[in-house]
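Single-structure report; data block below.
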Amino acid sequence: MKRLGILLSGRGSNFLAIAKSIREGRLPNAEIAIVIANVADAPGLKAAQDLGLPTAVFVSKGRKRAEHDADVAACLREHGVDLVILAGYMRLLSPEFIAAFPNRILNIHPSLLPAFPGLDAQQQAFDYGCKVAGCTVHFVDEHLDHGVIVLQRSIAVLETDDAHSLSNRILAEEHVAYSEAIARVLSGEYRIEGRRYLRISEAAPTPVK
Ligand code: GRF
């Protein structure tokens, strides 16, 4: 069994989609070891408690990033976490935290990266007039919304869309994408070449010399 540590700050719909995937057998070798919030009244935290999952809160406001992150990292270790899942975690991670979980932290971002990193990505895509939008699951490195991409899902931007309807349809893709990406990473059947994530079955065979 691989143990997931979920970090969230808000609503928690991605977390709930992952919990549902586990319940429904789509992530057969995963379990949620701990849900950690950095905001005391995050609705996602309450939802985790309602599901009877272990939870912890480390309020980040007003704390030094490195100190806060050290508490979170210690909690993840105590709970034997194999893979850290950022699910709407609205806080940059310290380099020390990232180094403590090398290629073991995933994030989901509501755009087709590298377009529109940062806040309000869906609004940015809408305002830019994009015809295609989507979401990206990626490993976390020291730069914002930047690490190696595990997978992306795209949708057409409709002429009838506004930023709100577009966000909702991207969110529905996120809920599928995150579990799929977690399954792929937990399978261990991949390698990383530079910025490229390659599924071993799809990777070109090494040429025989
Ligand atoms: C999602 O849009 C995710 O892509 C972004 O933050 C939002 C979190 O939503 N990183 P939720 O809390 O999972 O509902």
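Excluding same-chain neighbours fewer than eight residues apart, the aspartates and glutamates reachable from K61 by a Cα-Cα span under 16 Å are D41, D69, D71.
Can you tell which of G129, L166, P117 lies farthest toward the positive end of the dipole of region 110-209, using +1 and -1 charges on the Cβ of basic and acidic side chains (Lys, Arg; Asp, Glu)? Final value for the positive-end residue is P117.
With just the Cα atoms defining each centre, how far is region 40-73 from region 174-190? Give it in Å. Between the Cα centre of region 40-73 and that of region 174-190, the gap is 24 Å. Annotation: per residue accessible area for region 1-136 equals 48 Å², rounded to a whole number [probe 1.4 Å, protein chains only].
Element breakdown for region 87-176 at a 1.4 angstrom probe: carbon and sulfur atoms account for 57% of the accessible area. Shown here for region 46-92: trypsin sites (Lys or Arg not before Pro) in loop regions (DSSP other than H, G, I, E, B) with at most 13 other Cβ atoms within 10 Å, namely K61, R63, K64. Computed over Cα pairs, the Kirkwood radius of region 1-102 leads via Stokes-Einstein (1.002 mPa s, 20 °C) to a diffusion coefficient of 158 µm² per second.
Each stretch of four or more DSSP H residues adds -39500 (n - 2.57); spread over every residue of the chain, this sum gives -10500 deg cm²/dmol at 222 nm.
So if I place +1 on the C-beta of Lys and Arg and -1 on the C-beta of Asp and Glu, and nothing else carries charge, what would the dipole magnitude of the chain be about its Cα centre? I want it in debye, nearest 20. Before the final figure, lay out the partial values.
Details: 23 positive and 24 negative charges, 96 e Å.
In total the dipole reaches around 460 debye.
Note: relative contact order over the chain, using C-alpha pairs below 8 Å and six or more positions apart, is 18 percent.
Assuming 1.567 mPa s and 4 °C, estimate D for the chain with Stokes-Einstein, Rh taken as the Kirkwood radius over Cα pairs, in µm²/s. Display every interim value, and only then the final one.
Numbers: Rh = 17.7 Å.
Result for D is 73 µm²/s.
Using the crude model of +1 on Lys and Arg Cβ and -1 on Asp and Glu Cβ, and no other charge, please compute the dipole size for region 110-209 relative to its Cα centre, in debye to 20.
I would put it at about 580 debye.
Phi angles of region 94-103 translate, via the Karplus equation with coefficients 6.51, -1.76, 1.60 and θ = phi - 60°, into HN-Hα couplings of 6, x, 5, 5, 5, 5, 6, 10, x, 6 Hz per residue; Gly and Pro are given as x.
The values are calculated or read from the model by the stated rules, or taken from the named source; none is laboratory data. The model shown is predicted, which means the values in this text are computed figures rather than measured ones. As a convention, Cβ positions derive from the backbone with ideal geometry for all residues, glycine included, and neighbour counts pool all protein chains shown. Only protein heavy atoms, including side chains, enter the accessible area calculation; ligands, DNA and RNA are left aside. Shrake-Rupley method; radii C 1.70, N 1.55, O 1.52, S 1.80 Å.
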